[in-house]
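Trainee: Pasting a structure below so you can have a look.
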Amino acid sequence: MPHRLIVNDELVLYGYVGIASWFDESGFTAREVIEALAEIEGDVVVRINSPGGIATEGSAIYAALVAHDGTVTVRIEGIAASAASVIAMAGEEIIMANGSLMMIHDPAGVTIGTAADHRATAVALDVMAGAMARIYAKRSGKSVAEARAIMQAETWFDGSEAVAQGFATSDETGGAIEAAVPIFDYRSFQHAPDRLVAQADRWRSEGRKLAAFGQPTASAISTSPATVVASPASASTGTKEATVPEMKDITLSMVREQRGDLVKELLASADVTAMATASAAAERDRILGIENLGATGHDALVAEMKADGKTSPAEAALRIMGAEKATRGTRMQALADADKTVPVATAPTANPQPAAPVAPVPVVAASPDGWKAEFVASADLQAEFRSVEAYVAFKSATADGRARIKAA
């Protein structure tokens, strides 16, 4: 029995990209596409009618089709939007069926967590958008920058426009529209064509449940839309609406039975989230610890240590102490240099008087005759020494090093 995605030897990708409904065969995953391709030898026709879905699943399916050993012909029936348009780029020939549409836009995501969690999601989305832009650029011959601009504008193409822009190779015109677009709330797109918005309004007025990006339903536990129509098994005869249970009716045992792989993915995601939360808390404590050091005057150093993601508060304290010591040393040296270069000003007197003449100090020879003359000229020496001979004897002993004057 052929794989459920294989209909009349063709690979039929109808519905949501990345997660199939638990209770209906609508939608398709990368794993299912790889399994189906393993049953197809040689050339393959891929029929697409999808509003998109999980971007990484779309990229994985694109890679699987590119790697297939045989010519890949893609036929877009109804719509190939978002992740489905990435899949379409794998075709060596891309045919836009009559009335079909293609939409190219930026990937989006929902994050619940800390600021660090949101920043990580933003980085991941930028990387994913760059990868998708390279796929579009390779197919169309445009530059990556041109492809990014088309994505950011959320651009819609009919058949002729897709061909003109290089995203399709041919456009079938005339005749009836081959396939109805999947049931989906196309109003969740920014620039959806009026006919899709009107169709979504009609579905809603009929009481149908419409999935939309960012508005998860029971069949989208991973916070992604999944309500679709057109089961691949019925694609050749018509479409049917997927029956999705109410969220309140779904139990964990049902999820484990139908999507054990998804349960494992959610548990792994929870572990990653817990690790990210712990890491964010540690980083917050590190930054607060550095800020609480109160390092006035070292703002640049504090900013550097906060941003490097590794300096602990204790290490920061040591670096701040070193910086403060260096700063004080520089200030002290500057003060010392200023003392050497700045003259000391004296207050002028009201009536300056001429300086009294200073009597010249007689030059006394270091000899007995000089010492005798010095004794005769000084009343203080005469009062201290009993005679000129005693003074001369003292000076002679001092000059020879036999006597030293001890400070009082």
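Trainee: Considering every residue within region 107-124, establish whether at least one is surrounded by fewer than 23 Cβ atoms within 10 Å (Cβ to Cβ) and under 24 Å from residue 171 (Cα atoms). So that I can check it myself, show each step before the final result.
Mentor: Going residue by residue through region 107-124, those that are surrounded by fewer than 23 Cβ atoms within 10 Å (Cβ to Cβ) are 107-124.
The next check asks that each one be under 24 Å from residue 171 (Cα atoms); those that pass are none.
No.
Trainee: Look through region 6-27, keep the residues that are modelled with pLDDT of 90 or more and closer than 19 Å to residue 89 by Cα, and return whichever of them is surrounded by the fewest Cβ atoms within 10 Å (Cβ to Cβ). Even if it seems obvious, please write down each step before you answer.
Mentor: Initially, region 6-27 is screened for residues modelled with pLDDT of 90 or more, giving 6-14, 17.
Keeping just the survivors that are closer than 19 Å to residue 89 by Cα gives 10-14, 17.
Numbers: 10: 18, 11: 25, 12: 26, 13: 27, 14: 28, 17: 34.
Within region 6-27, the match that is surrounded by the fewest Cβ atoms within 10 Å (Cβ to Cβ) is 10.
Trainee: Any residue in region 117-138 that is over 29 Å from residue 166 (Cα atoms) sitting within a Cβ distance under 7 Å of a residue that is polar (S, T, N, Q)? List the pairs, counting only those 6 or more apart or interchain.
Mentor: Close Cβ pairs satisfying both conditions: 117/111; 118/111; 121/111.
Trainee: For region 56-71, state whether one or more residues are surrounded by 21 or more Cβ atoms within 10 Å (Cβ to Cβ), in a strand (DSSP E or B) and of a type in the set (Val, Ile, Thr).
Mentor: No: zero hits.
Trainee: Related question: Which of the following residues is surrounded by fewer than 16 Cβ atoms within 10 Å (Cβ to Cβ) and either of a type in the set (Asp, Glu) or in the same structural domain as residue 15 (by TED's automatic domain parsing) (or both): 159, 130?
Mentor: Details: 159 fails: surrounded by fewer than 16 Cβ atoms within 10 Å (Cβ to Cβ).
Of 159, 130, the one residue that is surrounded by fewer than 16 Cβ atoms within 10 Å (Cβ to Cβ) and either of a type in the set (Asp, Glu) or in the same structural domain as residue 15 (by TED's automatic domain parsing) (or both) is 130.
Trainee: Which ones in region 266-317 are more than 21 Å from residue 118 (Cβ to Cβ), at pLDDT below 85, charged (D, E, K, R) and assigned to a helix (DSSP H, G or I)?
Mentor: Correct list: 291, 299.
Trainee: Hey, another quick one. Residues that are within 21 Å of residue 44 (Cα to Cα): list the helices (runs of 4 or more DSSP H) wholly contained in region 74-176 that include at least 2 such residues. Outline the logic, then answer.
Mentor: Working: elements: 83-88, 115-140, 144-152, 159-164.
In region 74-176, the matching helices (runs of 4 or more DSSP H) lie at 83-88, 115-140.
Trainee: Can you tell me which residue within region 72-92, out of those that are among the β-branched types (Val, Ile, Thr) and either modelled with pLDDT under 95 or crowded, with 24+ Cβ neighbours inside 10 Å (or both), is nearest to the chain's Cα centre (by Cα)?
Mentor: Let us first name the residues in region 72-92 that are among the β-branched types (Val, Ile, Thr), namely 72-74, 76, 79, 86-87.
Narrowing the set further to residues that are either modelled with pLDDT under 95 or crowded, with 24+ Cβ neighbours inside 10 Å (or both) leaves 74, 76, 79, 86-87.
Numbers: 74: 36, 76: 36, 79: 33, 86: 24, 87: 27 Å.
Among them, the one singled out is 86.
The values are calculated or read from the model by the stated rules, or taken from the named source; none is laboratory data. It should be emphasised that the depicted structure is a prediction, and the values quoted were computed from it without experimental measurement. Don't worry about glycine lacking a Cβ; one is built from the backbone with ideal geometry, like all the others, and counts go over all protein chains shown.
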